Every structure is written in C-alpha cells, then in structure tokens.
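Everything on this sheet refers to the single structure shown next.
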Amino acid sequence: MDNPLFQSKFKQVIRSHGLSSQIGFQSGNHHTNSRIGIRLNYLEKFSKFLIEPRLSFSHQIVDNLTFQLLGELKHQTASQIIDFQDDFLGIENRRWIIANDDAFPILKSYQDSLGLFYTNNGWLIRTEGYMKNVDGVTTKSQGFQNQYQYVNDIENYEVFGTDFLIRKRFKSINNSISYSYMNNKYTFNNLSKINFPSNFDITHSVSFVFTYSIKKLNILTGLN
C-alpha cells in the first residue's frame, strides 16, 4: 500500500508596534509612592490602536500600615481553544489561535485591586480586594462537554474577590494562614443560561502552612 506523505503549513502573523511612557512620584518622607503609565499599541493587521493606562499607588497611613491601589488595562492577541475527540475517550486537544477580530477577537481586560498591608516584628497581615473583567472570551476556549460544545459565542467573564493572609515568623518557625473568596462568572448572552460560574471558580479557599528550618533541615507541612 502506498501512503503518500501529506504536509500542510499555515502561517499567521500579527505585528504590533508599541509606545509606552511612565511618570513616578515619591514624597519626601517616602510614605507615598505612585506611578502612572500609558502604552499605545498599534496592531498592523487590523489597523487598530489600543490605549492601555496603568496606575500604581501606595501610601503608608501609619507606621507599619500601608495602603495600595493598582489598576491597568491589557490585551492579548492569542486565545487557547479546546477540541475534543469524538470517541468515547473524549480526550482534549488544546491549541493556540491567533486573533482574527471575528470568530476569535482580541482579548481585552481591565483589572484593579485595593489592599492593606501591616508588617511588624515578624508579623505580616494582608487583606486585598480585586476585580477583573475580560472581553472577547469564546465558548471554544472553555472546554464545554454539554449542549454548548459546538456553539460559538463571544462574550466576557468577570471575577471579583478578596484575599486575607496572616503570617508570623520566629527564628526557625514560619506559620501562615490564608483565606480567599472568589466569584468568577461567565456571561454568554446567546446561551440558554446566560450567567454561570467559571471553570476556575473556587468560592472559598483556606490554607495553612507551617515551616521549620534549622541548619540544613527544612520541614514543611500544609493544609488546604
């Protein structure tokens, strides 16, 4: 039997040009620090400009207590999609797809966070709230194995939550306990159920870590 060799190659290119600038400020007592930046992107393939501002601000309210604010816009020109074999194994095949500004749009995200940090005498107490919104998410990238497996829809997901950490260091011992709350939801307006939890949604998460170090011996144990 003659099995001729068949080979097919596809080449896709997105060439981008970027121009960025940043300005910073620090108070005389070093208690306040801020940086404001902006990046201008030009995507040659789509003749499109994307403006992405960024902000970082921190201020020491009192001794050992610091407030922090972060915010930024970002974009991504590649999306990962998941294909499943049609046999009973259902093995998934992940591959990256270049954005075409149609079935696979450019991913655009906005994210910000607010945090308080306290450090003193080996103690670290940190609490932080965050929010992120991503537009351009496709159903093909979510690996649905139900009635939505062959549906192609483009919408967004939004996640908000909070993280809380307490850590105490001694000479040879380091203890920490953390708690996270997350609400991560998809929005697909063309599906029968418009809003539903993300594949990565873990509403409550608690972890405890204990480490002990002496000379060349390190012992670590944790609980999630």
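The values are calculated or read from the model by the stated rules, or taken from the named source; none is laboratory data. Computed from a predicted model, the values in this text were never measured in an experiment. All Cβ positions, glycine included, derive from the backbone under ideal geometry; neighbour counts span all protein chains shown.
Does the range 157-175 include one or more residues that are surrounded by fewer than 14 Cβ atoms within 10 Å (Cβ to Cβ) and free of Cβ contacts under 8 Å to residues at least 24 places away in the same chain?
yes
Working only within the range 43-98, note down all residues that are among the hydroxyl-bearing types (Ser, Thr, Tyr) and modelled with pLDDT of 95 or more. Give the steps one after another, and end with the answer.
Filtering the range 43-98 down to residues among the hydroxyl-bearing types (Ser, Thr, Tyr) leaves 47, 56, 58, 66, 77, 79.
The answer is 56, 58, 66.
Out of 34, 47, I need the residue that is out of contact with any Lys or Arg (no Cβ under 8 Å at 6 or more places or on another chain), under 30 Å from residue 152 (Cα atoms) and surrounded by fewer than 16 Cβ atoms within 10 Å (Cβ to Cβ). Which one? Step through it out loud before you land on a result.
Details: 34 fails: under 30 Å from residue 152 (Cα atoms).
From the options 34, 47, the qualifying one is 47.
In the range 143-171, how many residues are of a type in the set (S, T, N, Q), at pLDDT below 90 and under 22 Å from residue 204 (Cα atoms)?
0
Is it fair to say residue 128 is closer than 19 Å to residue 104 by Cα and either without any contact (Cβ under 8 Å) to a residue 60 or more places away in the chain or in contact with a strand residue (DSSP E or B) (Cβ under 9 Å, 6 or more places away or on another chain) (or both)?
Details: closer than 19 Å to residue 104 by Cα: no; either without any contact (Cβ under 8 Å) to a residue 60 or more places away in the chain or in contact with a strand residue (DSSP E or B) (Cβ under 9 Å, 6 or more places away or on another chain) (or both): yes.
So residue 128 does not fit the description; no.
How many residues, within the range 183-224, are under 19 Å from residue 168 (Cβ atoms) and surrounded by fewer than 12 Cβ atoms within 10 Å (Cβ to Cβ)?
Of the range 183-224, the ones under 19 Å from residue 168 (Cβ atoms) are 206-214, 218-223.
Cutting the leftovers down to surrounded by fewer than 12 Cβ atoms within 10 Å (Cβ to Cβ) gives us 206, 214, 218-223.
Of the residues in that region, 8 qualify.
Please enumerate the residues belonging to the range 56-69 that are in contact with a Leu (Cβ under 7 Å, 6 or more places away or on another chain) and under 30 Å from residue 18 (Cα atoms).
Within the range 56-69, 56, 57, 69 qualify.
Having 2 or more residues that are among the charged types (D, E, K, R) and farther than 27 Å from residue 71 by Cα is the bar; report the strands (runs of 3 or more DSSP E) wholly within the range 120-224 that clear it.
Once the strands (runs of 3 or more DSSP E) in the range 120-224 are filtered for at least 2 residues that are among the charged types (D, E, K, R) and farther than 27 Å from residue 71 by Cα, what remains is 154-169.
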